[in-house]
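Novice: Pasting a structure below so you can have a look.
The values are calculated or read from the model by the stated rules, or taken from the named source; none is laboratory data. Every value quoted in this text rests on a predicted model; they were computed, and no experiment measured them. Here the Cβ positions follow ideal geometry from the backbone for every residue, glycine too, while neighbour counts run over all protein chains shown. Note: accessible area is taken over every heavy atom of the protein model, side chains too, but ligands, DNA and RNA are not part of it. Shrake-Rupley method; radii C 1.70, N 1.55, O 1.52, S 1.80 Å.
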Amino acid sequence: AATPADVPAWMDLMRLAVDGFPWLDERRHGAWLRDAVARGRALVACGAGSAALAGAAAFDPARARIDVLAVHPRQRRGGGPARALVAAVQAALPGRDLAIATYRAGDRADTGYRRDLAALGFEEAGLGTELGYPVQWFLLRAEPKDGSGSGRRSIL
């Protein structure tokens, strides 16, 4: 879990990964982040031998969604930090489908986020708007307890 001491490194990471957050308002995000940390809804992945974070995630348990998934640009290719952070959110919300918003298909601002989410197992879901920006929701289905694939439901 992230701690208040992680907030400056998180904000540094957001500046590096800003291409994934076209709506980022640093002042508002900082206030939101401090609340997410206090509520235990923020996670960090540390970089090996570096003060910089490899990744960060914040989630909303009531909506079963990942509000932020940021990965250091040098760590994006392998997907390791993103995979670890998504797995940690899944562990915090067992048996629930997870939603995340990203760019819509054809959005020229997308530098590979849709591809990266698909590689993590997310599927395209509905369209929407977040913070005034048109988005596509992606959904990561929870594994059914009996392994049959039944009982899955969409949260969108």
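Novice: With θ set to phi - 60° and the Karplus curve 6.51 cos²θ - 1.76 cosθ + 1.60, what are the ³J(HN,Hα) couplings of the stretch 65-82 in order, to the nearest whole Hz, using x for Gly and Pro?
Specialist: Ordered by residue, 3J(HN,Hα) equals 9, 9, 7, 9, 9, 10, 10, 4, x, 6, 9, 5, 3, x, x, x, x, 5 Hz.
Novice: Would you mind checking which residues have amide H under 5 Å from Glu123's amide H? H placed 1.01 Å from N; only 5 or more apart, or other chain.
Specialist: Those qualifying (amide H under 5 Å, at least 5 residues apart or on another chain) are Leu139, Leu140, Arg141.
Novice: Sticking with this structure for a sec: So if I place +1 on the C-beta of Lys and Arg and -1 on the C-beta of Asp and Glu, and nothing else carries charge, what would the dipole magnitude of the chain be about its Cα centre? I want it in debye, nearest 20.
Specialist: Working: 21 positive and 17 negative charges, 31 e Å.
Approximately 160 debye in magnitude.
Novice: Here's a follow-up. Taking amide H positions as placed in the peptide plane 1.01 Å from N, state which residues far from Ala54 in sequence (5 or more) or on other chains have amide H under 5 Å from it.
Specialist: Ala45, Cys46, Gly47
Novice: Ignoring any ligand, DNA or RNA, what whole percent of the accessible area of the stretch 1-144 comes from carbon and sulfur when the probe is 1.4 angstrom? Walk me through the numbers on the way to the answer.
Specialist: Numbers: 3770 of 7310 Å².
Summing carbon and sulfur atoms, their accessible area is 52 percent of the total for the stretch 1-144.
Novice: Using a 10 Å cut-off on Cβ atoms, rank the peptides 77-90, 117-130 from the highest mean neighbour count down.
Specialist: Working: 77-90: 17.1, 117-130: 14.7.
Ranking the peptides 77-90, 117-130 by packing returns 77-90, 117-130.
Novice: Work out the charge dipole of the chain with +1 on the Cβ of Lys and Arg and -1 on the Cβ of Asp and Glu about the Cα centre, then indicate which of Gly128, Val7, Gln75 is farthest towards its positive end.
Specialist: Positive-end residue among those listed: Gln75.
Novice: In what sequence, largest accessible area first, do Val18, Val37 appear using a 1.4 Å probe?
Specialist: Working: Val18 70, Val37 20 Å².
Highest to lowest solvent-accessible surface, that is Val18, Val37.
Novice: Order these peptides, 23-31, 8-16, by their mean beta-carbon neighbour count within 10 angstrom, highest first. Before the final figure, lay out each step's value.
Specialist: Details: 23-31: 12.4, 8-16: 16.9.
Descending mean neighbour count gives 8-16, 23-31.
Novice: Along Cα→Cβ, 7 Å out, is where each label goes; now give me the distance between the ones at Arg141 and Ala62 in nm to one decimal.
Specialist: Each label point is offset 7 Å from its Cα along the Cβ direction, giving 2.9 nm.
Novice: R0 = 25 Å: FRET efficiency of Arg108 with Leu16, Cβ-based, nearest 0.05?
Specialist: About 0.80, to the nearest 0.05.
Novice: Quickly work out the Arg34-to-Leu131 label distance, labels modelled 7 Å from Cα along the C-beta direction, and quote it in nm with one decimal.
Specialist: 1.7 nm
Novice: What does the charge count around Val7 come to, taking other residues whose C-beta lies under 15 Å from its C-beta (Lys +1, Arg +1, Asp -1, Glu -1)?
Specialist: Details: positive: Arg15, Arg27, Arg28, Arg34, Arg39, Arg41; negative: Asp6, Asp12, Glu26, Asp35.
Computed value for this residue: +2.
Novice: Right, next: Heavy-atom accessible area per residue, the stretch 20-77, 1.4 Å probe: how many Å²?
Specialist: Details: 3120 Å² over 58 residues.
Result: 54 Å² per residue.
Novice: What does the charge count around Arg104 come to, taking other residues whose C-beta lies under 14 Å from its C-beta (Lys +1, Arg +1, Asp -1, Glu -1)? Write out the running numbers ahead of the final one.
Specialist: Details: positive: Arg108, Arg114, Arg115; negative: Asp107, Asp110, Glu124, Glu130.
Combined, the nearby Lys, Arg, Asp and Glu give -1.
Novice: Scan around Tyr133 for amide H atoms under 5 Å from its own, H built in the peptide plane at 1.01 Å from N, and keep only partners 5 or more places away or cross-chain.
Specialist: Excluding prolines and chain starts, which carry no amide H, there are no hits.
Novice: On to the next question. Take the alpha-carbon centre of the stretch 128-144, take the same for the stretch 1-73, and report the distance between them in whole Å.
Specialist: 18 Å
Novice: Residue by residue, what Karplus-based ³J(HN,Hα) values in Hz, rounded to whole numbers, does the stretch 5-16 have, using 6.51, -1.76 and 1.60 with θ = phi - 60° and x for Gly and Pro?
Specialist: Calculated HN-Hα couplings, in order: 5, 7, 4, x, 5, 4, 5, 4, 4, 4, 5, 6 Hz.
Novice: Rounded to the nearest 20 Debye, what is the dipole magnitude of the stretch 1-51 about its Cα centre when Lys and Arg each give +1 and Asp and Glu each give -1 at the C-beta?
Specialist: Working: 6 positive and 6 negative charges, 37 e Å.
About 180 debye.
Novice: Within a Cβ distance under 10 Å of Asp67, other residues only, what is the Lys/Arg minus Asp/Glu net charge? Before the final figure, lay out each step's value.
Specialist: Working: positive: Arg41, Arg63, Arg65; negative: Asp60, Glu130.
Overall, the nearby charge balance is +1.
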